[in-house]
Amino acid sequence: MDRAELWPERSPWIRRAVELRPRHDFAPDQLWVWEGHAYTPVERGLDERRWAEVVYGGPYEPTVTQVTVGLASSSLSCCSVVADMLDSLKLEAGHQVLELGTATGWNAALLDHRAGPGRVTSLELDAELAAAARTNLDAAGAQVRVEVADGAAGCPDGAPYDRLIATYAVDRIPWAWVQQVRPGGRIVTPWGRLGHLALTVAEDGASATGWVQGLAMFMPSRTAEPPLAFEQIRRGRAPQHEHIVDRDVRSLTDDPHLRFALRVALPEVRITATGERLLELHDDADSWATLTGPAGDSAGTAAVARQGGPRHLVAEVEDAWDEWLGHGSPELYDYGLTVTDAGRQQYAWAWDRSDGPRWPLPDPEARRPVTEAATATR
């Protein structure tokens, strides 16, 4: 595909903004590349060509700009998702915008190009990142207000905003976001681990609802509790149950629409491909499973499930899979999210927010308890 086809047709300003405020102007001199077992630095001063290749790895490749305790903690998002989210925002000149998660400042600079000088406020929890972003934005001639603050609370002293956009993933929409966006205004945010949403605030300000816009795998909020790894859940324990699964489990990673449906139905269950034939599942508490599926393009589809802990995760996944099939296999674009009752009620739905199937979003404060042994390994 010609990369020109990747630019949103209804938002031609995005391509012009990227040309005038290019990605490399917001990339730090030290970047990070995953080498299969750990992140290694790429220094501009030592290898500028390699550095540029990392900055411009392709429309679907993010650029890691910060690593903390061995994990990527900030990045320049891939250009395709940045463009898609800005398109979903439906930003117009003169809009007041609140951005949450400044990072290097590139996205804020693009917002400033469209909204106009002094129209964008951006919050960043990391003070060092915020300072670097101010420097980048000043150099680009962007007049953006950057504050060090937790994005979950928004920025009430600049409200109401016409548009709000987050650059990190949340599992629930903070009610402060809805409160600080005017009726009819728009909220765009990555949600969960797979998709990004565009919500419109109702005319009475008492709710917000909207559709999934596309796939987006963003880092979570810095204040979110990090998930446990599979081995932290399993802790070397032998499986308690073993059985045959008579379906092609490769769809669990190959079919984005099924993956999204399972994320909606079982938000706490993580499914990870660790090899050509092996899938690992866990619930971030004390239940785990493995699925060993068919190799390559084998004609067989049966997989072997082995699992331990109080929950039978494979059976739960199969039930959610069947539920998805029973609803007509909705694509991820057929899903939406509604936030109401001062944020206390939040639910995903498919097809129709009033009459379609719905799934309440779990309250993190009522999260399934983690065993003491698992907690000790965090």
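Checked against the criterion of being closer than 22 Å to Val249 by Cβ, of a type in the set (A, V, I, L, M), assigned to a strand (DSSP E or B) and touching a residue at least 40 places away in the same chain (Cβ under 8 Å), the range 328-340 contains not a single residue that satisfies it. Scoring Pro294 on the criteria (1) in contact with a helix residue (DSSP H, G or I) (Cβ under 7 Å, 6 or more places away or on another chain); (2) farther than 26 Å from Tyr335 by Cβ; (3) not small (Gly, Ala, Ser) leaves a single failure, condition (1).
Which of the helices (runs of 4 or more DSSP H) contained wholly in the range 77-156 include at least 1 residues that are in contact with an Asp or Glu (Cβ under 7 Å, 6 or more places away or on another chain) and either at pLDDT 95 or above or of a type in the set (Asp, Glu) (or both)? Step through it out loud before you land on a result.
Numbers: elements: 79-89, 106-115, 127-140.
So the answer is 106-115, 127-140.
Taking the criterion of being of a type in the set (D, E, K, R) and crowded, with 19+ Cβ neighbours inside 10 Å, the only residue of the range 51-84 that qualifies is Asp84. Can you spot a residue in the range 26-41 that is surrounded by 12 or more Cβ atoms within 10 Å (Cβ to Cβ), of a type outside the set (Asp, Glu) and in contact with an Asp or Glu (Cβ under 7 Å, 6 or more places away or on another chain)? Yes, there is a match, as at least one residue in the range 26-41 is surrounded by 12 or more Cβ atoms within 10 Å (Cβ to Cβ), of a type outside the set (Asp, Glu) and in contact with an Asp or Glu (Cβ under 7 Å, 6 or more places away or on another chain). Exactly one residue out of Ala238, Ala208 is small (Gly, Ala, Ser), in contact with a helix residue (DSSP H, G or I) (Cβ under 6 Å, 6 or more places away or on another chain) and outside any helix (DSSP H, G or I): that is Ala208. Taken together, Ser73, Ser77, Ser122 contain a single residue that is free of Cβ contacts under 8 Å to residues at least 60 places away in the same chain and among the small types (Gly, Ala, Ser), which is Ser122.
Table: residues versus (1) crowded, with 20+ Cβ neighbours inside 10 Å; (2) more than 16 Å from Leu76 (Cα to Cα); (3) of a type outside the set (A, V, I, L, M).
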{"residue": "Leu89", "(1), (2), (3)": "yes, yes, no"}
{"residue": "Glu147", "(1), (2), (3)": "no, yes, yes"}
{"residue": "Asp150", "(1), (2), (3)": "no, yes, yes"}
{"residue": "Asp162", "(1), (2), (3)": "yes, yes, yes"}
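Filtered by the rule that a residue be surrounded by 13 or more Cβ atoms within 10 Å (Cβ to Cβ), among the β-branched types (Val, Ile, Thr) and either assigned by TED's automatic domain parsing to the domain that holds Arg193 or more than 18 Å from Glu316 (Cβ to Cβ) (or both), the range 234-274 gives no residues.
The values are calculated or read from the model by the stated rules, or taken from the named source; none is laboratory data. It should be emphasised that the depicted structure is a prediction, and the values quoted were computed from it without experimental measurement. Neighbour counts are summed over all protein chains in view; Cβ atoms, including those assigned to glycine, are modelled from backbone coordinates with ideal geometry.
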